[in-house]
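What follows is a single structure, written as C-alpha coordinates, with notes after it.
The values are calculated or read from the model by the stated rules, or taken from the named source; none is laboratory data. This structure is a prediction, so every number in the text was calculated from the model and none was measured. A quick note on method: Cβ atoms are made from the backbone with ideal geometry, for glycine too, and the neighbour counts reach across all protein chains shown.
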(Lines give C-alpha, C1' and ligand atoms only; values in the text may rest on other atoms or scores of the structure.)
Protein backbone atom coordinates (compact mmCIF):
# COMPACT_ATOMS: atom_id res chain seq x y z
CA UNK A 1 0.00 0.00 0.00
CA UNK A 2 2.83 2.42 0.86
CA UNK A 3 4.55 1.76 -2.45
CA UNK A 4 1.35 2.28 -4.45
CA UNK A 5 0.70 5.57 -2.63
CA UNK A 6 4.29 6.65 -3.25
CA UNK A 7 4.09 5.88 -6.96
CA UNK A 8 0.74 7.64 -7.28
CA UNK A 9 2.25 10.72 -5.69
CA UNK A 10 5.27 10.63 -7.98
CA UNK A 11 3.03 10.21 -11.03
CA UNK A 12 0.96 13.25 -10.07
CA UNK A 13 4.12 15.34 -9.65
CA UNK A 14 5.60 14.31 -13.00
CA UNK A 15 2.36 14.83 -14.89
CA UNK A 16 1.75 18.21 -13.25
CA UNK A 17 5.27 19.32 -14.07
CA UNK A 18 4.90 18.29 -17.69
CA UNK A 19 1.39 19.59 -18.30
CA UNK A 20 1.05 22.85 -16.37
CA UNK A 21 1.48 25.92 -18.55
CA UNK A 22 0.96 28.44 -15.74
CA UNK A 23 2.86 27.75 -12.53
CA UNK A 24 4.32 24.25 -12.66
CA UNK A 25 5.74 22.73 -9.48
CA UNK A 26 9.34 23.57 -8.65
CA UNK A 27 12.06 20.92 -8.60
CA UNK A 28 14.34 21.65 -5.65
CA UNK A 29 17.67 19.84 -5.45
CA UNK A 30 20.19 20.12 -2.64
CA UNK A 31 20.85 18.87 0.88
CA UNK A 32 18.72 19.00 4.00
CA UNK A 33 19.72 21.80 6.37
CA UNK A 34 17.08 20.98 8.96
CA UNK A 35 13.59 19.64 9.63
CA UNK A 36 11.67 21.78 12.09
CA UNK A 37 8.21 20.35 12.71
CA UNK A 38 6.37 20.62 9.40
CA UNK A 39 9.06 22.72 7.71
CA UNK A 40 11.89 21.25 5.66
CA UNK A 41 14.83 23.58 5.04
CA UNK A 42 16.92 22.69 1.99
CA UNK A 43 20.28 24.17 1.06
CA UNK A 44 19.72 24.22 -2.70
CA UNK A 45 22.37 23.37 -5.28
CA UNK A 46 22.08 26.97 -6.49
CA UNK A 47 23.06 28.30 -3.02
CA UNK A 48 20.01 29.84 -1.30
CA UNK A 49 18.01 27.93 1.29
CA UNK A 50 14.42 26.94 0.53
CA UNK A 51 11.75 26.59 3.19
CA UNK A 52 9.22 23.90 2.22
CA UNK A 53 6.08 22.94 4.13
CA UNK A 54 5.38 19.23 4.59
CA UNK A 55 1.88 17.79 4.93
CA UNK A 56 0.93 14.63 6.80
CA UNK A 57 0.34 12.91 3.45
CA UNK A 58 3.48 14.15 1.67
CA UNK A 59 4.98 11.22 -0.25
CA UNK A 60 8.57 10.50 0.83
CA UNK A 61 10.82 8.06 -1.01
CA UNK A 62 14.36 6.81 -0.91
CA UNK A 63 16.27 5.32 -3.81
CA UNK A 64 17.87 1.89 -3.99
CA UNK A 65 20.80 1.27 -6.34
CA UNK A 66 20.36 -1.26 -9.14
CA UNK A 67 22.78 -2.80 -11.60
CA UNK A 68 22.60 -1.74 -15.23
CA UNK A 69 21.46 -5.29 -16.05
CA UNK A 70 18.16 -4.50 -14.28
CA UNK A 71 17.11 -2.56 -17.36
CA UNK A 72 15.62 -5.25 -19.59
CA UNK A 73 13.03 -5.40 -22.38
CA UNK A 74 9.63 -4.98 -20.77
CA UNK A 75 10.90 -2.73 -17.96
CA UNK A 76 9.13 0.59 -17.41
CA UNK A 77 11.67 3.32 -16.68
CA UNK A 78 12.13 7.04 -16.30
CA UNK A 79 15.35 8.56 -17.61
CA UNK A 80 16.71 12.08 -17.66
CA UNK A 81 18.92 12.48 -20.71
CA UNK A 82 20.92 15.02 -22.66
CA UNK A 83 21.98 15.08 -26.32
CA UNK A 84 25.30 13.29 -26.89
CA UNK A 85 28.02 14.19 -29.39
CA UNK A 86 26.21 12.33 -32.16
CA UNK A 87 22.86 13.89 -31.27
CA UNK A 88 21.46 10.71 -29.71
CA UNK A 89 20.18 10.99 -26.18
CA UNK A 90 22.53 9.93 -23.39
CA UNK A 91 21.04 9.04 -20.02
CA UNK A 92 22.14 10.99 -16.95
CA UNK A 93 20.17 8.70 -14.64
CA UNK A 94 17.65 5.86 -14.89
CA UNK A 95 14.82 5.09 -12.49
CA UNK A 96 13.40 1.59 -12.88
CA UNK A 97 9.78 1.52 -11.73
CA UNK A 98 8.34 -1.45 -9.87
CA UNK A 99 5.59 -3.17 -11.86
CA UNK A 100 3.00 -1.34 -9.74
CA UNK A 101 4.37 1.91 -11.14
CA UNK A 102 4.02 1.02 -14.84
CA UNK A 103 2.69 4.04 -16.73
CA UNK A 104 3.86 6.59 -14.14
CA UNK A 105 4.24 9.99 -15.82
CA UNK A 106 4.42 8.31 -19.24
CA UNK A 107 5.76 10.51 -22.02
CA UNK A 108 8.73 12.54 -23.24
CA UNK A 109 9.12 16.13 -22.04
CA UNK A 110 11.57 18.83 -21.02
CA UNK A 111 13.41 18.38 -17.71
CA UNK A 112 15.60 20.66 -15.60
CA UNK A 113 18.36 18.41 -14.28
CA UNK A 114 20.70 20.41 -16.51
CA UNK A 115 20.22 22.78 -19.47
CA UNK A 116 18.76 21.02 -22.50
CA UNK A 117 17.77 17.84 -20.68
CA UNK A 118 14.62 15.78 -21.20
CA UNK A 119 12.70 13.20 -19.20
CA UNK A 120 11.31 10.06 -20.81
CA UNK A 121 9.05 7.70 -18.89
CA UNK A 122 8.48 4.74 -21.16
CA UNK A 123 8.57 1.02 -21.79
CA UNK A 124 11.86 -0.60 -22.77
CA UNK A 125 11.26 -2.30 -26.12
CA UNK A 126 14.88 -3.35 -26.63
CA UNK A 127 18.12 -3.19 -24.64
CA UNK A 128 21.37 -3.89 -26.51
CA UNK A 129 24.86 -3.74 -25.05
CA UNK A 130 27.36 -1.72 -27.09
CA UNK A 131 30.82 -0.19 -26.65
CA UNK A 132 29.22 3.09 -25.54
CA UNK A 133 26.88 1.51 -23.00
CA UNK A 134 23.42 -0.01 -22.98
CA UNK A 135 21.36 1.19 -25.92
CA UNK A 136 17.65 1.37 -25.14
CA UNK A 137 14.69 1.68 -27.47
CA UNK A 138 11.86 3.27 -25.50
CA UNK A 139 8.20 3.61 -26.45
CA UNK A 140 5.48 5.71 -24.88
CA UNK A 141 2.02 6.83 -25.94
CA UNK A 142 2.56 8.97 -29.00
CA UNK A 143 6.18 8.22 -29.77
CA UNK A 144 9.49 6.49 -29.22
CA UNK A 145 13.13 7.43 -28.64
CA UNK A 146 16.51 5.78 -28.38
CA UNK A 147 18.67 6.44 -25.33
CA UNK A 148 22.19 5.24 -24.56
CA UNK A 149 23.01 4.53 -20.90
CA UNK A 150 26.79 5.01 -20.47
CA UNK A 151 28.68 2.98 -17.86
CA UNK A 152 28.54 4.51 -14.39
CA UNK A 153 25.21 6.30 -14.83
CA UNK A 154 23.07 5.95 -11.67
CA UNK A 155 20.36 3.28 -11.96
CA UNK A 156 17.87 3.26 -9.09
CA UNK A 157 14.40 2.17 -8.02
CA UNK A 158 12.11 3.94 -5.53
CA UNK A 159 11.22 2.63 -2.08
CA UNK A 160 9.04 4.14 0.67
CA UNK A 161 10.77 6.31 3.28
CA UNK A 162 9.64 8.23 6.37
CA UNK A 163 10.35 11.58 8.00
CA UNK A 164 12.96 9.82 10.11
CA UNK A 165 15.03 9.66 6.91
CA UNK A 166 14.95 13.46 6.49
CA UNK A 167 18.19 14.11 8.36
CA UNK A 168 20.55 17.10 8.01
CA UNK A 169 23.12 16.58 5.27
CA UNK A 170 21.04 14.09 3.30
CA UNK A 171 20.70 14.86 -0.41
CA UNK A 172 17.13 15.52 -1.56
CA UNK A 173 15.00 16.09 -4.63
CA UNK A 174 11.74 17.87 -3.81
CA UNK A 175 8.75 18.57 -6.03
CA UNK A 176 7.00 21.57 -4.46
CA UNK A 177 3.82 23.47 -5.26
CA UNK A 178 3.72 27.27 -5.21
CA UNK A 179 0.97 28.47 -2.87
CA UNK A 180 -0.96 31.73 -3.36
CA UNK A 181 0.93 33.38 -0.49
CA UNK A 182 4.29 32.64 -2.09
CA UNK A 183 5.23 29.70 0.12
CA UNK A 184 6.23 26.24 -1.06
CA UNK A 185 4.45 22.99 -0.17
CA UNK A 186 6.07 19.62 -0.82
CA UNK A 187 4.24 17.21 -3.11
CA UNK A 188 7.01 14.63 -3.25
CA UNK A 189 10.37 14.20 -1.51
CA UNK A 190 13.13 11.80 -2.58
CA UNK A 191 15.88 11.57 0.03
CA UNK A 192 19.30 9.96 -0.17
CA UNK A 193 19.99 6.97 2.04
CA UNK A 194 22.77 4.39 2.42
CA UNK A 195 24.99 6.36 0.08
CA UNK A 196 22.46 6.51 -2.79
CA UNK A 197 21.44 10.05 -3.71
CA UNK A 198 18.28 10.86 -5.69
CA UNK A 199 19.70 11.31 -9.22
CA UNK A 200 16.68 13.07 -10.73
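Residue-level check: of (1) buried (at least 19 other Cβ atoms within 10 Å of the Cβ); (2) in the same structural domain as residue 29 (by TED's automatic domain parsing); (3) farther than 17 Å from residue 27 by Cα, residue 52 misses just (3).
Among the strands (runs of 3 or more DSSP E) confined to segment 84-179, the ones with at least 2 residues that are buried (at least 18 other Cβ atoms within 10 Å of the Cβ) and at pLDDT 95 or above are located at 89-96, 118-130, 133-140, 143-149, 155-160, 171-178.
Just to confirm my filter: which strands (runs of 3 or more DSSP E) fall fully inside segment 20-63 and include at least 2 residues that are out of contact with any strand residue (DSSP E or B) (no Cβ under 6 Å at 6 or more places or on another chain) and under 17 Å from residue 182 (Cβ atoms)? Strands (runs of 3 or more DSSP E) meeting the threshold: none at all. Put simply, of 29, 45 the only residue that is more than 23 Å from residue 159 (Cβ to Cβ) and under 19 Å from the mean Cα position of the chain (by Cα) is 45.
Could you pull out the residue among 154, 115 that is free of Cβ contacts under 8 Å to residues at least 12 places away in the same chain and under 19 Å from the mean Cα position of the chain (by Cα)? Explain how you work it out, then say what you get.
Values: 154 fails: free of Cβ contacts under 8 Å to residues at least 12 places away in the same chain.
None of the other options fit; the residue is 115.
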